[in-house]
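Shown next, in structure tokens, is the structure this report addresses.
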């Protein structure tokens, strides 16, 4: 009878010893990967590692929180400046901090602010002056190119105040071509630097905006559908290496899907106006593009393309059934 209490006391003592050995803490130690940034140099080191990244071809790196590394680095630098204002008051780190901010700001498209940060860095840090001034000039040029009007602004009200004078497509097209030409000239000047990826991203955005403009106006322009398809194809062909190439292909396939739906609405399958050959050409074009994206392993668009392809084929089969079933 006495053996069991003694054995129980022994087990309790062993458990107590084990808890004491492991510390028996109420809160575990914080993994240093998730600890707040301890110094400005730590943030700058992370940012410097990702400055050469080709963000045109690949997604921007993300930190342990899942946030864009350039944006998170900018926020951490600003937080450190506020928290350690007294320690940084001497100004020894002002040039390095401003330069790092410029590197982060240009990747989140704040080119005017990036240029200002680079100019501060050039003034405060002689060793960074040459690169800071080069980067500042380039950011000023990018900001100027993107600030040029495209002619998309609202026109003046008509005399009765009931309508707007829409800009001429030729003027809008000229604005897009001017912007693209300016950015392409900067690419040639920036060869050998990470700014090439930044500029290629802006050229891609301009091309996408141009294509979407013509897609929106395809109901009002002569041969608007043909022009919209051509503009979407232009984006795909001009940016085959882009990280968004699969997305561009999906947008083109979706345009074909919309064209098929609109064709059926305008020309019901049971009517004599329905042309099976024309409809089948639209279906085949859309199907090939959906299949192309659905076959790309390792892309998030793969599943989306597969589901859209199923819906598109179901729609086309339904049209064929209405048309050809006795």
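Which of the three applies to the stretch 101-143, rounded, prolate or oblate, going by the alpha-carbon gyration tensor with a ≥ b ≥ c and a/c under 1.5 meaning rounded? It would help to have the intermediate numbers written out before the result.
On the way: a/c = 2.30, a/b = 1.70, b/c = 1.35.
Prolate, because a/c is 1.5 or more and a/b exceeds b/c.
At R0 = 45 Å, how high is the FRET efficiency between residue 221 and residue 302 if r is their beta carbon distance? Nearest 0.05 is fine.
Values: r = 34 Å, r/R0 = 0.75.
Rounded to the nearest 0.05, the efficiency is 0.85.
With each pseudo-label sitting 7 Å past Cα toward Cβ, what's the residue 67-residue 170 distance in nm, one decimal?
5.0
Where a ≥ b ≥ c are the square roots of the eigenvalues of the C-alpha gyration tensor, would you call the stretch 37-147 rounded, which needs a/c under 1.5, or, failing that, prolate if a/b is larger than b/c, or oblate?
On the way: a/c = 1.88, a/b = 1.09, b/c = 1.72.
Oblate shape, in that a/c is at least 1.5 and b/c is the bigger or equal ratio.
With a 10 Å Cβ neighbour count serving as the proxy for reagent exposure, in which order, fewest first, do 312, 290 appear?
On the way: 312 21, 290 27.
Ascending Cβ contact count within 10 Å gives the list 312, 290.
Estimate the FRET efficiency between residue 295 and residue 45 by the formula 1/(1 + (r/R0)^6), using the beta-carbon distance for r and 30 Å for R0, to the nearest 0.05. Intermediate values should be presented prior to the final figure.
On the way: r = 40 Å, r/R0 = 1.34.
That pair, residue 295 with residue 45, gives E of 0.15.
In percent, what relative contact order does the stretch 244-326 have, based on Cα pairs under 8 Å that are 6 or more apart in sequence? Mind dumping the intermediate values first?
Values: 66 pairs, mean separation 28.8, N = 83.
That works out to 35 percent.
Is the stretch 219-326 rounded, prolate or oblate when judged by the Cα gyration tensor, a ≥ b ≥ c being the square roots of its eigenvalues, rounded requiring a/c under 1.5 and prolate requiring a/b larger than b/c? If you can, show how the numbers build up before the last one.
Details: a/c = 3.10, a/b = 1.48, b/c = 2.10.
Oblate.
Rank these for me by crowding, 86, 284, going from fewest to most other beta carbons within 10 Å.
Values: 86 7, 284 12.
If I rank by nearby Cβ atoms, fewest first, I get 86, 284.
Can you sort 302, 101 so the residue with the fewest Cβ neighbours within 10 Å comes first?
Numbers: 302 14, 101 25.
The fewest-first ordering by Cβ neighbours comes to 302, 101.
No lab work stands behind these numbers, since they all come straight from the coordinates. Because the structure is predicted, anything quoted here is derived from the model rather than measured. For neighbour counting, all protein chains shown are included, and Cβ atoms are generated from backbone atoms with ideal geometry for every residue, glycine included.
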